[in-house]
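FYI, it's all coordinate maths here, none of it is from the lab. Just so we're clear, the structure is a prediction, and the values are computed from it rather than from any experiment. Methodologically, a virtual Cβ is constructed for each residue, glycine included, from the backbone with ideal geometry; neighbour enumeration extends over all protein chains shown.
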Amino acid sequence: MEAKKTPEADVNKRASLFLAIGLLVSLGITLAAFEYKKYDEGELMDLGMVADDFEELTEIPPTEQPPPPPPKIQQPQIIEIPDEEEIEEEIEIDLDVEITEETEVEEIVFEEEPEEEVADQVFLVVEEQAAFPGGNAAWVKFLRKNLKYPRQATRMGIEGKVFLSFIVDQGGSISDIQVIRGIGGGCDEEAKRVLSNSPKWSPGKQRGRAVKSRMQIQIVFKLK
């Protein structure tokens with residue numbers, strides 16, 4: 001016959017609880033063993049008392065420096081200078097000179113001032129402008145006699161004004177003829193040809209002297 005156990009006397013009923021408690025106690029003891037440290041008392045532990053042998057410090061007041069003196073500004077001196085200052089100086093002139101027939105008097109020669117050298121430059125503006133000999137009427141007569149209307153311009157019906165620029169030197173000769181504005185059809189070349197074949201002009205003058213100057217004229221081409 002099997003013996004029956006009462007629930008109060010059953011030991012296996014609380015075995016898991018006792019096992020958990022035992023594990024916790026073992027773990028606590030292990031951690032305490034690792035964390036426990038023991039320190040030995042060394043020589044540096046006893047610092048003792050530091051002897052107060054320092055001398056009393058004397059309080060030094062801050063040094064007060066006087067402000068620098070202001071810079072000296074020298075006032076300008078105004079000196080009055082008279083507009084006209086008379087200079088009195090005695091000049092001795094010996095007028096007591098004996099002149100006889102044998103005395104030679106040196107001739108006083110007045111040297112003329114050297115003429116101002118006019119550089120060989122081209123004047124764009126002069127006091128007296130260069131002109132065709134005989135004036136404007138003679139210039140128109142010269143053009144009617146010597147100017148030939150180009151065939152190409154006649155065939156194409158080209159009309160207009162050709163503007164020319166040229167230089168008149170001191171002797172009246174013409175050079176450096178340039179077409180400022182042309183109309184084409186051979187009119188530009190014909191205008192240059194007629195001007196280059198013109199007689200010598202009256203040169204321009206500056207301060208009464210003939211100078212090299214640049215002129216501008218216009219030649220009109222018009223079909224009848």
Checklist entry - When the residues of the range 192-224 are filtered to those that are of a type in the set (D, E, K, R) and surrounded by 12 or more Cβ atoms within 10 Å (Cβ to Cβ), which remaining residue is farthest from F163 (Cα to Cα)? => result R209
Item to check | Of the criteria (1) in a helix (DSSP H, G or I); (2) under 46 Å from the mean Cα position of the chain (by Cα), which one Q218 fails | outcome: (1)
Item to check | Counted residues, the range 160-184 - those being surrounded by fewer than 15 Cβ atoms within 10 Å (Cβ to Cβ) and outside any strand (DSSP E or B) | outcome: 3
Checklist entry - Does V140 fit the bill of being of a type outside the set (S, T, Y), surrounded by fewer than 17 Cβ atoms within 10 Å (Cβ to Cβ) and under 17 Å from Q218 (Cβ atoms)? => result yes
